[in-house]
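Asker: The structure under discussion is supplied below as structure tokens; questions concerning it will follow.
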Amino acid sequence: MEGLQKMRLRISSLSAYWKTYVLVLLPLILLPLPIMGSGKEARTGFVIIIMAVYWMTEALPVPVTSLLPVVLFPLLGIMNTGKVCTAYMKETNMMFIGGLMVALAIEHCNLHKRIALKVLLYVGASPRWLMLGFMLTTMFLSMWISNTATTAMMVPIVDAVVQELFKDKVEETKKDSDVRVIPNGLSTSSSSLDIEHTFESICQNSETGSVDSVADYVGKSCMELTTSGEQRCADNPDDKKKIGSCVLMSIAYASNIGGTGSLIGSGPQLALKGILNELYGSDSGLNFATWMAFNVPGMLINTFFAWIWLQYLFIGFKRTTVDEKGKAVIVKKLIRKKYEELGPMTFHELVTLILFVLCVVLWFFRDPQFITGWSEFLPAVEVDDATAVMAIVMLFFIIPAKPKFWFSNPGERNSDRSSPALLEWKYVQDKLPWGIVLLLGGGFAISDASKISGLSTWLGSQLAGLSVLPPFAIMMIICIMTAAVTEVASNTATANILLPILSEMANTVQVNPLFLMLPATVTCSYAFMLPVATPPNAIVFAAGKMNPIDMMKAGFFMNIICVFTICVLTTSFGSLIFGFNEFPEWAIPKVSNETIVTVLLISNYTTQ
């Protein structure tokens, strides 16, 4: 018995320090690769494999792993330090930072909550129509602001609505004049914000793919979101749990799908844009307008399929009863009460909304392809999306949130104290997920190193055997593999590793690089099965005390249907936008000047 107990303690000790073993042993195991391998390709592969495993296991924090190229690429003679460092602050990174600042400005003034509640007022209050309202709202907000922040904001609203749907009729009539928004008797003005801020603080690291803090939160303070009100719902706890899980899961799925709708909605899109600009310049035709034209239809279709599938799985398609209609009226009053608590629209919210719309218009019409974009009126230089968003960000820091000449009482107008700006730097400094900037930079450094070392060319040639398959089959295989990997790895990290390989593979099989890279990028966000796959999944899993089997069962079908949808849209609708029917000139590998000079010298020598 003592020996068995010692063995258990030893195993427990090993499991407690497994990250340390991965951190130390992995480079030692892979050491023969750079020593025995030939050339820079092997050394680059050594670094990429280490980073991929560290990203997947989080042996080091994801942003810290992203800094490894600054150390290893120069030491291994792959790239010089200056060239590696420039990869961490390219135009795409600046566009991403600007987009995040605009999103933070929207969150700062609670404009996103006003939009969400306003949409919910216009949809039906039965469970299925409420779910559609939640999904459409979450989908739209996730196109522009963090998926994690969107989900964290929606969870308290969902919980309050579910509590009202299953409230006892007697209690409803007694408390009709004072509808409780948040359980445990807390006031809406404080508790809903506290829960939302709690989720946001927990998910600070989740923006970079780390969900340990969210997983630790399961079974702790999140219990208050779901355990309250169980006594009054004792007659139908199964129905309540089903509908609660259904609606919570729907906002997680809508958040993941909605993040693919715009170029700034999620990290993989920005990784694609940066890698394309690095490999092919701006000739690929991918910009803010063409991305939305390509993927917004797919986003809407997949959201609709998710709505139908979750209904079928959890609540069925039965007609609404008279009792449910009565409860729908109560829910409508609840949502209206929450909206009225926000008060009238402030100057802060109004100007933020105007600047946000202006930013989207500048992005969309910079180079929309179907008409002359505004950037073409500046032919002397190439203006990209980072310039547009940073101009708007400057206005956020200049315009006062509460000017004395408007929306202020006489006492404030006579005050000597100046109004804060629409967005303050301290708020940005605390809320901006700087780790994603490093994650994108590390991905761009990997892309540069793969190109310079010739690793991407070698990998592309190794995959040449797939050229015997039809292009659609190749695309399907890639997307299925990507969907499997992204369930256990960061979406952005998956894109950073995969996209340079796909670009070279496209050259090998002679298809438009976008034909493989676009659907793979979108599929990086299709992580529906596991609670740890994305921060939205982890949040709703914790809030609803869900069964992991239920999430896996629902997510497996969603993965299949979303992958199939994006592949069909790529071959049909995508061909109309990007011209996938022929291999484009911009994708032909460029011959460097040094190579041209060498060829000319050899030619002159042989003719003499």
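The values are calculated or read from the model by the stated rules, or taken from the named source; none is laboratory data. In this text the structure is predicted, and so the values were computed from the model without any measurement. Please note: Cβ atoms are built from the backbone with ideal geometry, for glycine as well, and neighbour counts cover all protein chains shown. Just so you know, the surface numbers come from the protein's heavy atoms only, side chains and all, with ligands and any DNA or RNA stripped out. Shrake-Rupley method; radii C 1.70, N 1.55, O 1.52, S 1.80 Å.
Asker: Is it the case that the range 488-496 has a residue that's touching a residue at least 24 places away in the same chain (Cβ under 8 Å) and surrounded by fewer than 16 Cβ atoms within 10 Å (Cβ to Cβ)?
Answerer: The initial filter retains those residues of the range 488-496 that are touching a residue at least 24 places away in the same chain (Cβ under 8 Å), namely 488-496.
Still in the list and also surrounded by fewer than 16 Cβ atoms within 10 Å (Cβ to Cβ): 488.
For the range 488-496, residues touching a residue at least 24 places away in the same chain (Cβ under 8 Å) and surrounded by fewer than 16 Cβ atoms within 10 Å (Cβ to Cβ): present.
Asker: Among the listed residues TRP363, TRP374, which satisfies the condition of being touching a Leu at 6+ places or on another chain (Cβ under 8 Å), at pLDDT 85 or above, under 21 Å from ASN277 (Cβ atoms) and surrounded by fewer than 18 Cβ atoms within 10 Å (Cβ to Cβ)?
Answerer: TRP374
Asker: Name the one entry in VAL296, VAL329 that is open to solvent by 10 Å² or more (accessible area, probe 1.4 Å), at pLDDT below 90 and aliphatic (A, V, I, L, M).
Answerer: Working: VAL296 fails: at pLDDT below 90.
Answer to the check: VAL329.
Asker: For the range 421-462, which helices (runs of 4 or more DSSP H) that fit wholly inside it have 1 or more residues that are touching an Asp or Glu at 6+ places or on another chain (Cβ under 7 Å) and crowded, with 23+ Cβ neighbours inside 10 Å?
Answerer: By residue number, 434-453, 455-462.
Asker: Pairs, please: C-beta under 6 Å, at least 6 apart or cross-chain, first residue open to solvent by less than 80 Å² (accessible area, probe 1.4 Å) and in a helix (DSSP H, G or I) and in the range 15-39, second at pLDDT 85 or above and not hydrophobic (A, V, I, L, M, F, W, C)?
Answerer: Note: pairs meeting the criteria are PRO34/ARG43.
Asker: Look at THR92 and say whether it is in contact with a Phe, Trp or Tyr (Cβ under 6 Å, 6 or more places away or on another chain), of a type in the set (Ser, Thr, Tyr), touching a residue at least 40 places away in the same chain (Cβ under 8 Å) and open to solvent by less than 10 Å² (accessible area, probe 1.4 Å). Even if it seems obvious, please write down each step before you answer.
Answerer: Values: in contact with a Phe, Trp or Tyr (Cβ under 6 Å, 6 or more places away or on another chain): no; of a type in the set (Ser, Thr, Tyr): yes; touching a residue at least 40 places away in the same chain (Cβ under 8 Å): yes; open to solvent by less than 10 Å² (accessible area, probe 1.4 Å): yes.
No, not satisfied.
Asker: Against the definition (open to solvent by less than 10 Å² (accessible area, probe 1.4 Å), out of contact with any Leu (no Cβ under 7 Å at 6 or more places or on another chain) and in contact (Cβ under 8 Å) with a residue 40 or more places away in the chain), how does TYR280 come out, yes or no?
Answerer: Here the answer is no, as TYR280 does not meet what is asked.
Asker: Just one of the numbered conditions (1) over 22 Å from MET79 (Cα atoms); (2) of a type in the set (Gly, Ala, Ser); (3) assigned to a helix (DSSP H, G or I) is not true of GLY45; which one?
Answerer: (1)
Quick grid of which residues meet (1) more than 21 Å from GLY261 (Cα to Cα); (2) outside any helix (DSSP H, G or I); (3) of a type in the set (Lys, Arg):
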position	(1), (2), (3)
TRP363	no, no, no
ASP367	no, yes, no
THR372	yes, yes, no
SER375	yes, no, no
PRO379	yes, yes, no
GLU382	yes, yes, no
ALA386	no, no, no
VAL393	yes, no, no
PHE397	yes, no, no
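Asker: Also, I was wondering about something else. Among the residues of the range 533-572, write down those that are surrounded by 20 or more Cβ atoms within 10 Å (Cβ to Cβ) and in a loop (DSSP other than H, G, I, E, B).
Answerer: Passing the criteria: ALA533, THR534, MET546.
Asker: Keeping to the range 4-39, report how many residues are touching a Gly at 6+ places or on another chain (Cβ under 8 Å) and at pLDDT 85 or above.
Answerer: Final tally of qualifying residues: 1.
Asker: OK, next. Output the residues belonging to the range 127-146 that are at pLDDT 85 or above and in a helix (DSSP H, G or I).
Answerer: If the condition is that a residue be at pLDDT 85 or above and in a helix (DSSP H, G or I), then MET131, LEU132, GLY133, PHE134, MET135, LEU136, THR137, THR138, MET139, PHE140, LEU141, SER142 are the ones that fit.
Asker: Among the residues of the range 499-531, how many are open to solvent by 10 Å² or more (accessible area, probe 1.4 Å) and either more than 19 Å from MET56 (Cβ to Cβ) or out of contact with any helix residue (DSSP H, G or I) (no Cβ under 6 Å at 6 or more places or on another chain) (or both)?
Answerer: Adding up the residues that qualify gives 8.
A quick yes/no check of all residues on (1) charged (D, E, K, R); (2) in contact with a Lys or Arg (Cβ under 7 Å, 6 or more places away or on another chain); (3) assigned to a helix (DSSP H, G or I); (4) within 30 Å of VAL247 (Cβ to Cβ):
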residue	(1), (2), (3), (4)
VAL84	no, no, yes, no
GLY98	no, no, yes, no
LEU104	no, yes, yes, yes
LYS113	yes, no, yes, yes
ALA116	no, no, yes, yes
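Asker: If you don't mind, there's one more thing I want to ask. Only residues that are assigned to a helix (DSSP H, G or I) and in contact (Cβ under 8 Å) with a residue 60 or more places away in the chain: list them for the range 283-299, please.
Answerer: If the condition is that a residue be assigned to a helix (DSSP H, G or I) and in contact (Cβ under 8 Å) with a residue 60 or more places away in the chain, then PHE288, ALA289, THR290, MET292, ALA293, PHE294, ASN295, PRO297, GLY298, MET299 are the ones that fit.
Asker: Kindly indicate the residue of the range 250-264 that is open to solvent by less than 10 Å² (accessible area, probe 1.4 Å) and in a loop (DSSP other than H, G, I, E, B) and also farthest from PHE515 (Cα to Cα) among those meeting that condition.
Answerer: Ranking the candidates gives GLY259 first.
Asker: Let me ask something else about it. What number of residues in the range 301-316 are touching a residue at least 60 places away in the same chain (Cβ under 8 Å) and open to solvent by 20 Å² or more (accessible area, probe 1.4 Å)?
Answerer: Selection size over the range 301-316: 7.
Asker: Just checking, how many residues over the range 55-78 are within 22 Å of LEU33 (Cβ to Cβ) and open to solvent by 10 Å² or more (accessible area, probe 1.4 Å)?
Answerer: Number of matching residues: 13.
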